[in-house]
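Participant: So that we are looking at the same thing, I have put the structure below in structure tokens.
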Amino acid sequence: MTMTSVGTAAATDKDAVCLLLHTVDGSIPFLTPQLLKTYFPSPQPHLILGVAVRDTCIVPVYENRHTAAAAAAAASTAASTTAATSTTNTNSTTGKKSNPKKKKKRAPQDKNKPCGYEFSSSKRVLSFLQPYNVVAVPTFDVVQDAIEAKQVKKQMVSTDNGILLWTPHGRHALTNVDYQKISHEGLAPNTVVSLYDVAQDDETQKRRHVASRRTSMWLQRTLKDYPENSDISLWAPLALTGRPDDTNESARAFKEEARSHRVSGFVVVGYSHLQNREVRRQRLRARLQDFADCKKSFAVLSTTSLEQVMECICEGVDSIGSGLPADWAKRHKALCIELSGWGKAKRARIEEESPIAELDADGCIDIGNECWASDTRPILQGCCCLACRRYSRAYIHHLVKAKELLAQIALMAHNLHRMLDLCKEATVTRQKGKVEDFTDYILSQLGR
């Protein structure tokens, strides 16, 4: 697909492939601003940072800060006076001091706890992310939010005004008006994804139509209020779950609105929740074909496996959203796929001094495995990331066993570096028209 400019778009070259990296609370997991600046300096032509309002812009609400602070101070003074009196008073009958073990407990102090939480534009995105290309989204996966709500027997009920999001502090409503204000003023991104509602495949036809209507309505309202000369680009969401039906009026209206010149791209949501690989690719291909004549960029908001990433690359998606580098690091996994041998007749293999464990379904090795306890080689031969330049497999294995945070930092740096290398190589293969060969080569390495 053709990649158009997205604000200060990370990839302006034709056929460029970008990683839309999921941030957590407005920051990159395990990487400090200094590490990010040193080893992934801006501009990164194949890196886009996704910032979700769901966890980045949720702030506590207090009834009255001044009243609460005064009440807390008064309660603290009263508690101190009571405690001092109880330890010095003597028993009126015996003349003995009261037993200190039976002294009264201190009154609980008012710690000015919040009375609730709300979305606010006052919490701005961290300054060290500003040099990078940033995309603002309501949430990376509204379907997963609904699944998590069901697990605790809650319902994610949305209305025409907005949607309910499953935040770190419970369920909270996000209206379209608030979302536009927060994303533009609070996050100041290069690109904003329009608010959307998504139905699941097992939901009723009525629910699917309602989700389609709301998504179309919110895009219309956004375009109506969107400044003509805005520097912030707009992406229109395309749902894959809920068995999309393009014959209803809402779907047709959405297609017309999405073709507006103010919409610079499209983002596919719900992709990772389609379990059948053929169904995923078929629906994705249909969406790409629907808007192929628009010559706009396409992105997939969330993928949960390397296989899904490669499917998106093969189908021609420009930006692929994922939190895999951090997820792998949390599970002590390092991405070790080869990228250089895809053009050869036979798969190239790096010579190993000792047998290497088979790669898992995501092309990773578990660095916590005992087989790496005495291995002095880097995680991956030829890799020039922070971890491979400084540490051996044995040392990172030791960090994992010692439960040191440095293990996750090193693995995150390696996984992110390797994913960006994957995007670079995918761009080259796409330009050469060899993307299918490259995809087959990568998938052949996965332990499926």
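Each value in this text was obtained by applying a stated rule to the coordinates, not by laboratory testing. Just so it is clear, the model here is predicted, and its values are computed rather than measured. Cβ: placed from backbone, ideal geometry, glycine included. Neighbour counts: every protein chain shown.
Participant: Non-local amide H neighbours of Asp15 (under 5 Å, H modeled in plane, Pro and chain starts lacking H): which ones?
Facilitator: Those qualifying (amide H under 5 Å, at least 5 residues apart or on another chain) are Met3.
Participant: Okay, next question. Report ³J(HN,Hα) in whole Hz for each residue of segment 416-431, in order, from the Karplus equation J = 6.51 cos²θ - 1.76 cosθ + 1.60 where θ = phi - 60°; Gly and Pro get x.
Facilitator: Whole-Hz 3J(HN,Hα) from phi for segment 416-431: 5, 4, 6, 5, 5, 4, 4, 5, 4, 5, 5, 5, 5, 5, 5, 5.
Participant: Filter Lys224/Lys296; Lys224/Lys295; Lys37/Lys432; Lys37/Lys403 down to the pairs with a C-alpha to C-alpha distance above 30 Å, please.
Facilitator: Exceeds cut-off: Lys37/Lys432.
Participant: Can you list the HN-Hα couplings for segment 192-199, worked out from phi with the Karplus curve (6.51, -1.76, 1.60; θ = phi - 60°), rounded to whole Hz and with x for Gly and Pro?
Facilitator: 10, 8, 4, 4, 8, 10, 10, 9
Participant: Give, rounded to the nearest 20 debye, the magnitude of the charge dipole that segment 353-448 has about its Cα centre when Lys and Arg contribute +1 at Cβ and Asp and Glu contribute -1 at Cβ.
Facilitator: 400 debye
Participant: Under a straight-distance cross-link criterion of Cα-Cα below 18 Å, which aspartates and glutamates are reachable from Lys113, leaving out those fewer than 8 residues away in the same chain?
Facilitator: Glu63
Participant: Amide H neighbours of Phe298 under 5 Å, at least 5 residues apart or on other chains, H built in the peptide plane: list them.
Facilitator: Sorted by chain and number, the residues that satisfy this are Phe266, Asp318, Ser319.
Participant: In addition: Would you mind checking which residues have amide H under 5 Å from Ser233's amide H? H placed 1.01 Å from N; only 5 or more apart, or other chain.
Facilitator: Under 5 Å from the amide H of Ser233 lie the amide H atoms of Gly7, Thr191, Val192, each far enough along the sequence or on another chain.
Participant: Provide the per-residue ³J(HN,Hα) series for segment 128-134, in order, calculated from phi with Karplus coefficients 6.51, -1.76, 1.60 and θ = phi - 60°, each as a whole number of Hz, with x at glycine and proline positions.
Facilitator: 6, 8, 4, x, 8, 6, 10
Participant: Can you find, among Ile182, Phe298, Val193, the residue farthest towards the positive end of the dipole of segment 154-299? Put +1 on the C-beta of Lys and Arg, -1 on that of Asp and Glu.
Facilitator: Ranked along the dipole, the leading option is Phe298.
Participant: Right, something else. Decide, for segment 245-328, between rounded, prolate and oblate: order the square roots of the alpha carbon gyration tensor eigenvalues as a ≥ b ≥ c, take rounded if a/c falls under 1.5, and otherwise choose prolate if a/b is larger than b/c, else oblate.
Facilitator: In terms of gyration-tensor shape, prolate.
Participant: For segment 388-435, just say rounded, prolate or oblate: build the C-alpha gyration tensor, square-root its eigenvalues into a ≥ b ≥ c, call rounded for a/c under 1.5, and beyond that prolate if a/b exceeds b/c, oblate if not.
Facilitator: Note, shape of segment 388-435 comes out prolate.
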